[in-house]
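Asks: For reference, the structure I am asking about is given below.
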Amino acid sequence: MRTLINILVKELLQLKRDPKILPILFVAPVVQLIILGYAATTDVRRVELAVCDLDRSVASRALIDAFTSSTYFREVAAVGEQRELDRWLDSGRARIALTIPAGFAADRAAGRPVAVQLLADGSDAMVGTLGLSYAQGVLREAAAGGLPEPVDLLPTVLYNPDLLSRFFMVPGVLAMIIMIMTMMLSSMALVRESELGTMEQLLVTPLTPGAIIVGKLVPYALIGAVEITTALPIVLFWFRVPLEGSLATLALLTLPFMLCTLGLGLLVSTAARTQQQAMMISTFVFMLPQIYLSGFIFPIQNMPAAFQWVTYVIPLRYYVTVLRGVFLKGVGLEVLWPQGLAMLGLGLLILSVARLRFRQRLG
Amino acid sequence: MSAARPAAAPETVVSARELSRRFGDFVAVDRVSFEVERGEIFGFLGSNGAGKTTTIRILCGLLAPSSGTASVAGFDVATEAARIKTRIGYMSQRFSLYADLSVDENLRFWGGAYRLWGAELESRRGWALAAAGLEELRSTLVRELPGGYRQRLALGCALLHRPPVVFLDEPTGGVDPEARRRFWDLIDELAAGGTTVFVTTHSMDEAERCHRVALMHAGRLLALDTIRALKAAFPAGCVLDLASPQPVAAMTLLEGTPGIEDVALFGDRVHVVVDSPERAAGVAAALASGGQPPTAIEPGAPSLEDVFIKVIRDAGARPGP
């Protein structure tokens with residue numbers, strides 16, 4: 001225990017002496033959270049709509065009003081000829097183009113089937129498809145307008161009633177920040193000792209590799225805890241993400257996640273010779289794939305089956321589930337224990353592999 | 001330190017038997033055997049890549065031997081590395097203290113690493129500060145210390161736990177001559193107190209201060225003895241010291257002459273090594289015929305460098321042992 005405290009004191013002293021590290025530790029997460037909190041949104045509002053009304057009737061006017069009265073669309077152009085729509089779409093000034101054919105009102109009044117044309121800009125798939133589905137929604141409502149509804153559909157969205165993507169993105173960003181910081185720092189810390197030659201000096205002392213590893217990782221776990229504490233007020237009070245569950249659950253389930261990220265950092269340090277290499281390996285081999293496959297941005301259920309299997313070994317996947325569960329659903333350990341166990345298992349596995357490699361490399 | 005050790009002197013503190021270490025196809029250390037006695041200053045000489053550092057790393061338990069055995073302070077390096085680590089001090093050729101910690105913080109940390117606490121740590125810390133001459137600078141960050149102080153601090157850190165054996169891997173690289181002399185005074189004191197000092201160097205001056213030296217070349221141990229014995233073994237009549245009005249011209253002239261093994265300038269004298277006593281007689285004639293007759297010519301004493309050049313040349317001339 002005294003041995004561990006001795007290493008810990010040394011690590012903290014070194015951190016204190018590094019003038020560059022403190023701003024990185026405390027300012028960077030806040031800035032990242034704010035930038036990503038605003039940018040990482042998948043809500044689509046005020047989609048630019050270009051309209052070509054060839055009917056010019058009361059009915060067609062009413063249909064266009066149905067579009068523009070919603071907050072989803074903003075009419076940017078009303079053109080007289082259909083081919084003019086192409087120009088609006090090509091230039092990107094419009095994302096969705098609506099054409100109402102001549103005879104629309106007459107057909108409708110006669111009860112004949114009517115067709116309107118929708119063109120969507122697929123080059124931005126997110127805006128294009130969402131815009132299209134909003135548009136279909138508007139059309140469905142408009143079509144149902146005159147007829148009695150046989151079924152009254154009242155959809156209810158649970159946990160995030162307004163479906164604000166910010167509410168599920170921001171906790172994900174928090175997870176990412178913890179991962180990046182703890183992994184990056186732990187990988188660089190060990191590589192730095194090797195670069196300076198102090199690692200060799202440590203290994204000729206009676207300190208065991210295990211003690212050196214634990215003494216190195218504990219300070220970074222503490223830093224991870226400080227990061228969360230700094231970032232949490234921003235999540236809660238700036239972005240007003242509701243915290244439905246308990247802080248204790250959050251804290252408890254953060255520990256096994258950090259075990260994984262610190263272990264991965266250690267693993268990186270056994271493969272890297274320089275701090276730059278450590279940074280590259282962390283980023284490209286471990287961080288980006290984790291972010292892509294964690295369900296943080298892309299829903300896991302939409303991935304090919306093979307990739308879905310891969311996500312089971314991604315610690316971030318479990319932690320994103322934990323964060324969304326605790327923040328939005330207010331669930332506790334009774335629901336999230338499998339995630340906790342999975343992270344604990346992965347963490348221990350990663351650490352043992354890393355320790356084995358650490359020994360081999362130095363032995 | 002260990003009560004189990006026999007009281008009778010001389011005691012063998014470090015021993016290597018047919019020690020080898022391979023990295024893939026490369027043989028870094030090739031069947032090396034030697035023994036080092038308690039209180040001895042044992043010099044390990046050789047150029048870079050000769051296998052000195054690899055040997056030291058094996059003895060410190062940092063590397064496992066590929067074959068052969070070695071023991072340090074009575075413990076086997078392959079199986080009892082953990083016990084060896086409490087009994088050795090090690091100073092690597094790269095400066096390896098924490099530059100961003102102060103002198104005191106380094107001593108406390110390394111003391112703790114050697115499991116020194118409380119009053120014992122305080123007393124050893126005081127000793128190390130005094131030995132390194134750093135009492136006034138104890139709160140200074142190590143990165144701000146001049147090289148000589150850093151070296152002595154590194155030695156102090158390696159000696160905090162009073163190890164019976166200390167391994168110094170090129171300890172005085174990049175240190176000015178005065179600091180180097182002070183460092184070696186410290187080493188003499190240690191050895192006089194019974195500490196075994198195992199030191200690698202490629203400086204002949206430093207080698208002269210060792211009790212015995214071993215010469216490594218291409219992984220093999222080519223010679224091992226006291227300086228006096230090594231020099232005595234050098235063939236008689238093969239070294240000449242000559243004076244010349246134009247020593248550089250004389251040297252250039254001799255360098256191309258057959259039978260001349262080495263020519264070096266020592267101040268205003270030319271130091272010449274020839275391959276046989278018969279050849280020595282021809283040196284004056286060769287100089288005279290080249291227009292550089294020497295003003296004086298007399299038998300010289302071989303330098304340690306002459307000895308090693310000859311040993312390496314002889315080893316290269318015959319196929320491996």
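Asks: Criterion first (more than 15 Å from the chain's Cα centre (by Cα) and acidic (Asp, Glu)) does B:Asp241 satisfy it?
Replies: So B:Asp241 passes the test.
Asks: Select from the stretch A:330-340 the residues that are at negative phi and touching a residue at least 60 places away in the same chain (Cβ under 8 Å) and list them in ascending order.
Replies: Matches in the stretch A:330-340: A:Val331, A:Gly332, A:Leu333, A:Leu336, A:Gln339, A:Gly340.
Asks: On to the next question. Answer with yes or no whether B:Val175 is in contact with a Gly (Cβ under 8 Å, 6 or more places away or on another chain), more than 14 Å from chain A (Cβ to nearest Cβ) and either modelled with pLDDT of 90 or more or open to solvent by 10 Å² or more (accessible area, probe 1.4 Å) (or both).
Replies: Spelling it out, B:Val175 is indeed in contact with a Gly (Cβ under 8 Å, 6 or more places away or on another chain), more than 14 Å from chain A (Cβ to nearest Cβ) and either modelled with pLDDT of 90 or more or open to solvent by 10 Å² or more (accessible area, probe 1.4 Å) (or both).
Residue by residue, here is whether (1) in contact (Cβ under 8 Å) with a residue 12 or more places away in the chain; (2) within 14 Å of chain B (Cβ to nearest Cβ); (3) of a type outside the set (A, V, I, L, M, F, W, C); (4) over 27 Å from A:Leu4 (Cα atoms) holds:
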residue	(1), (2), (3), (4)
A:Gln201	no, yes, yes, no
A:Thr208	no, yes, yes, no
A:Glu227	yes, no, yes, no
A:Trp238	yes, no, no, yes
A:Glu244	yes, no, yes, yes
A:Pro256	yes, no, yes, no
A:Ser269	yes, no, yes, no
A:Gln276	no, no, yes, yes
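Asks: Restricting attention to the stretch A:1-40, report how many residues are open to solvent by less than 60 Å² (accessible area, probe 1.4 Å), under 35 Å from the mean Cα position of the chain (by Cα) and either charged (D, E, K, R) or away from chain B (no Cβ under 14 Å) (or both).
Replies: Residues in the stretch A:1-40 being open to solvent by less than 60 Å² (accessible area, probe 1.4 Å), under 35 Å from the mean Cα position of the chain (by Cα) and either charged (D, E, K, R) or away from chain B (no Cβ under 14 Å) (or both): 12 in total.
Asks: Could you list, in sequence order, all residues of the stretch B:15-31 that are of a type in the set (Gly, Ala, Ser) and assigned to a strand (DSSP E or B)?
Replies: Passing the criteria: B:Ser15, B:Ala16, B:Ser20, B:Ala28.
Asks: Another question, then. Are any residues in the stretch B:240-259 of a type outside the set (D, E, K, R) and in contact (Cβ under 8 Å) with a residue 40 or more places away in the chain, and if so, which ones?
Replies: Selection gives B:Leu240, B:Leu242, B:Ala243, B:Ser244, B:Pro245, B:Gln246, B:Ala249, B:Ala250.
Asks: May I ask you to list pairs of residues, at least six apart or on different chains, whose Cβ atoms are under 7 Å apart, with the first in the stretch B:284-306 being under 12 Å from B:Val270 (Cβ atoms) and in the same structural domain as B:Gly46 (by TED's automatic domain parsing) and the second being surrounded by 14 or more Cβ atoms within 10 Å (Cβ to Cβ) and at pLDDT below 85?
Replies: none
Asks: Name the helices (runs of 4 or more DSSP H) wholly within the stretch A:269-363 that hold at least 3 residues that are open to solvent by 80 Å² or more (accessible area, probe 1.4 Å)?
Replies: Per the criteria, A:275-281, A:333-362.
Asks: Still on this structure, please answer the following. Considering each of B:Val274, B:Val213 in turn, give the residue that is of a type outside the set (D, E, K, R), more than 26 Å from the chain's Cα centre (by Cα) and either within 30 Å of B:Asp30 (Cα to Cα) or surrounded by 12 or more Cβ atoms within 10 Å (Cβ to Cβ) (or both).
Replies: Answer to the selection: B:Val274.
Asks: Here is a follow-up. Is it the case that A:Val204 is surrounded by fewer than 20 Cβ atoms within 10 Å (Cβ to Cβ) and either at pLDDT 85 or above or in contact with a His (Cβ under 7 Å, 6 or more places away or on another chain) (or both)?
Replies: Judged against the criteria, A:Val204 is not a match.
Asks: Now, a different point. Only one of B:Ala130, B:Ala119, B:Ala78, B:Ala82 is within 12 Å of chain A (Cβ to nearest Cβ), farther than 19 Å from B:Asp169 by Cβ, small (Gly, Ala, Ser) and part of a helix (DSSP H, G or I); which?
Replies: After ruling out the rest, the residue left standing is B:Ala82.
Asks: Could you tell me which residue of the stretch B:32-65 is farthest from the other protein chains (Cβ to nearest Cβ), considering only residues that are aliphatic (A, V, I, L, M) and in a loop (DSSP other than H, G, I, E, B)?
Replies: B:Ala50
Asks: Among the residues of the stretch B:85-108 satisfying the criterion of being charged (D, E, K, R) and over 21 Å from the mean Cα position of the chain (by Cα), which is farthest from the other protein chains (Cβ to nearest Cβ)?
Replies: The extreme case among them is B:Asp104.
Asks: Do we have any residue at all in the stretch B:200-212 that's among the hydrophobic types (A, V, I, L, M, F, W, C) and in contact with a strand residue (DSSP E or B) (Cβ under 7 Å, 6 or more places away or on another chain)?
Replies: The answer is yes; a qualifying residue exists.
Asks: Determine whether B:Gly133 is farther than 22 Å from A:Gly215 by Cβ and assigned by TED's automatic domain parsing to the domain that holds B:Ile58.
Replies: So B:Gly133 fits the description; yes.
Asks: Quick one: in the stretch A:183-194, of everything that is at pLDDT 85 or above and within 14 Å of another protein chain (Cβ to nearest Cβ), which residue is farthest from B:Ser92 (Cα to Cα)?
Replies: A:Arg192
The values are calculated or read from the model by the stated rules, or taken from the named source; none is laboratory data. The model shown is predicted, which means the values in this text are computed figures rather than measured ones. Here the Cβ is made from the backbone with ideal geometry for all residues, glycine too, and neighbour counts use every protein chain on show. Heavy atoms of the whole protein, side chains included, go into the accessibility calculation; ligands, DNA and RNA do not. Shrake-Rupley method; radii C 1.70, N 1.55, O 1.52, S 1.80 Å.
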